[in-house]
Each structure stands twice: as C-alpha cells, then as structure tokens.
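Each remark here refers to the structure printed beneath this line.
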Amino acid sequence: AVGGGGGVGGGVCGLGGGLVAAKRHWVWTGMRGNTRGRLLSAQIVESLADHGIASGVTNLWTIDLGAARRHLEGNVLVDRTTVVRRLPGELVVNVYERQPVARLRSRPNRLIDADGFILPPRHGDSSAVLPEITGVRGLRESETGRKTTDRQLLGALKFVQLAATRPDGHYYDVDTIQLDYSASSLTVYLRPRGTFKRGSRVVLPVA
C-alpha cells in the first residue's frame, strides 16, 4: 500500500514537472483580437513591444496581463481593453476605442467623446458630419486626451446624447452648438428636418 501511494505521488510530481517545463516553451507567437476603429492590429503589436512584450520572444506566462492592459489604455484613442492568454501561444486582445460624438471648432480641430475626452482629429471618415461645438473657453490650452471639466461643454454633450437616444431625437439634426458662458446657455442650430426650417435654432439653459 505504501508503495502504491509513492507511485501516485511520483506520477503527480512528474505531471507537475512536465507542466512547468511546458510553460517555459509557451512563447507568445500571435495576437487575435478586436481592434475596430482607427487602431490596427499591427499598431497594437507595436505598442505591446514597446512595453517589453515581443512576439516570438516573450513567454506567455511571464506577461502581466493587467499591466499590458493599462499600457494599451494609455493611448488617447482607447477607452478600455481586455487581454487574456489562449494556449499554446496566443494573446487575445480586445480594444474598445473612444467614439467621437462632436467636433470642436479650434486650431487644431479636435473631436470629443460622450464622456468629455478630447480626441485628435480624424481625416477621411464620417467625423465631418458630427455636430460642431463652438465658443469653448480655453480650448487651445486644453490637452488632447484629457477629460474636460467645462460645465458648458459637458452640457452640450448631454444634449447631443439626448438627441441621439430620445424617441423624439430624430427631429433634431444638430449642425452647430454655440456655447454662451455669460447667459449659461446653449444655442443649438439645426439642419432642416421635419418641422424645422433652415436656420432654426433652439436656446437651452445649462443647469
């Protein structure tokens, strides 16, 4: 009976040793993931390499997944990511980018998402049809990638979100939102749609 127990123990140790040995050879050889938006898979691989995670070199089990995720989320375009291992040698990376909801009239022109993060401009895509927000105070000094604390600007973003989600929102085809700090209000200029004629505008208070 004692001999039998030793045999089982030896088998477990042998299996464990084999697992450890196998881990030494699980090298990251490829990435699979969702990178819809402006970022390409090659850019994600390059960013991970800058973080010290190199395809064909780095052992999959030595990768700090949390640190890799935080590194990728340091990109101004990235909202959040997920990074998981898939054996024998693959990282599954999902990158969820920030989506602009309006353009900011400034030099240089920039975009802004629903949460108030200021984004760099896009060229050659659908951003040209987004509502434009004008009259933002101190915008030239505002850093790209930072979240705005401007109450007037956040109020304009809230209106854009309501127009996109409310049942009656399809009546409001927003062209431009002018911020008025002195009156704490927004002047919304609409494109013609339904009962609204060209040049129609709505003045809204910012609570």
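The values are calculated or read from the model by the stated rules, or taken from the named source; none is laboratory data. Small disclaimer: the values here were computed from a predicted structure and weren't measured. Quick reminder, even Gly has a Cβ in these numbers, built from the backbone with ideal geometry, and neighbours come from all protein chains shown. The area values use the complete protein model at the heavy-atom level, side chains included, leaving out ligands, DNA and RNA. Shrake-Rupley method; radii C 1.70, N 1.55, O 1.52, S 1.80 Å.
In region 79-122, how many residues are open to solvent by 60 Å² or more (accessible area, probe 1.4 Å), modelled with pLDDT under 85 and over 30 Å from VAL57 (Cα atoms)?
Number satisfying all stated conditions: 3.
Hey, among the residues in region 156-193 that are surrounded by 12 or more Cβ atoms within 10 Å (Cβ to Cβ) and farther than 20 Å from LEU104 by Cβ, which one's modelled with the highest pLDDT?
The residue in question is PRO192.
Any residue in region 123-139 that is within 19 Å of the chain's Cα centre (by Cα), modelled with pLDDT of 90 or more and not β-branched (Val, Ile, Thr)?
yes
I need a count of the residues in region 195-207 that are exposed (fewer than 11 other Cβ atoms within 10 Å of the Cβ) and not hydroxyl-bearing (Ser, Thr, Tyr).
Going through region 195-207 one residue at a time, the tally reaches 5.
Residue by residue through region 49-60, note down the ones that are in contact with a strand residue (DSSP E or B) (Cβ under 8 Å, 6 or more places away or on another chain) and part of a helix (DSSP H, G or I).
LEU60
Among the residues of region 54-75, is any in contact (Cβ under 8 Å) with a residue 40 or more places away in the chain and either surrounded by 15 or more Cβ atoms within 10 Å (Cβ to Cβ) or closer than 30 Å to PRO121 by Cβ (or both)?
No: region 54-75 contains no residue that is in contact (Cβ under 8 Å) with a residue 40 or more places away in the chain and either surrounded by 15 or more Cβ atoms within 10 Å (Cβ to Cβ) or closer than 30 Å to PRO121 by Cβ (or both).
Please go through region 171-184 and pick out each residue that is without any contact (Cβ under 8 Å) to a residue 24 or more places away in the chain and either under 26 Å from the mean Cα position of the chain (by Cα) or within 19 Å of GLY116 (Cα to Cα) (or both).
ASP173
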